[in-house]
Each structure stands twice: as C-alpha cells, then as structure tokens.
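Where a number appears in this text, it was derived from the coordinates with a stated rule and is not lab data. If you're wondering where the values come from, they're calculated on a predicted model, not measured in any experiment. Ideal geometry is used to build each Cβ from the backbone, glycine not excepted, and the neighbour counts take in all protein chains shown.
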Amino acid sequence: MPIITSSHRELFRDPTTEDKLLLFRSLLDAKEDLTVDVALALLKTIHEELSNEQLDDRSLYKRYAEEIEALRFRAPAALQQVVNNWKLQKVTDPPEWFTYEGNDAYIK
C-alpha cells in the first residue's frame, strides 16, 4: 500500500481516527490483508478514540458505522469472529502484568 504525501513530516505524525478508518478500508479492499486480528485491533482502537474524544464532527461516527457495514457485507464470517473475540476480551481479566500490586510491581 503506497503512501503518497506532499511532505516528509506527514510520515512521522500520529495517525488520526480518520487515518485509521482509511487504513481499515484499504485493508478491506485488499481482502487478503485484513485478518480478524487486525480488524479487531483497528475497530477497537477507532471505537475507543470515538468514545473518548468530544467530536463535533459526526461524520467519523458515520464512517465507522459504514466500515462495520462494509465488513458485514463483504466478510460476514470475519465480522462474526471480530464480534465474538471482542466479547471474549471484555469479560476476561487483564493479564497479571497489567495489574498494580504495590511495592511488588517492579521488575526484579
């Protein structure tokens, strides 16, 4: 996937939610590049950003819904796997290395 930019500085900026939506669409269009794990990671990241940001521009929410609909239309089995994995991740506890346990939390 070639990146076309007018400035080299664009290559080193943090990606926006719109950039992530564009990446999702380009991977979906490429078909073989969008795995269930990548789809889940991108959709969760985009969802979290949309939930945390106070956006006046509702077009990003619409585009997010459109991408999920596109995934449902093009690869319904993949969408079902993404949804199932998302649900599994919500109910499981984080790994022990994510939890803070006071003075014993340093690396030995």
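How big is the dipole moment of the range 14-89 about its Cα centre under a simple scheme where the beta carbon of each Lys and Arg is +1, that of each Asp and Glu is -1, and everything else is neutral? Debye, nearest 20, please.
Details: 10 positive and 15 negative charges, 86 e Å.
With Lys and Arg at +1 and Asp and Glu at -1, about 420 debye.
Using only the Cα atoms of the range 14-89, each taken as one equal point scatterer with no solvent, compute I(q) by the Debye sum, divide by I(0), and report log10 of the ratio at q = 0.15 Å⁻¹.
-0.48
Between LYS31 and GLN54, what FRET efficiency follows from the Cβ-Cβ distance if R0 is 35 Å, with the result rounded to 0.05?
On the way: r = 35 Å, r/R0 = 1.00.
The value I calculate is 0.50.
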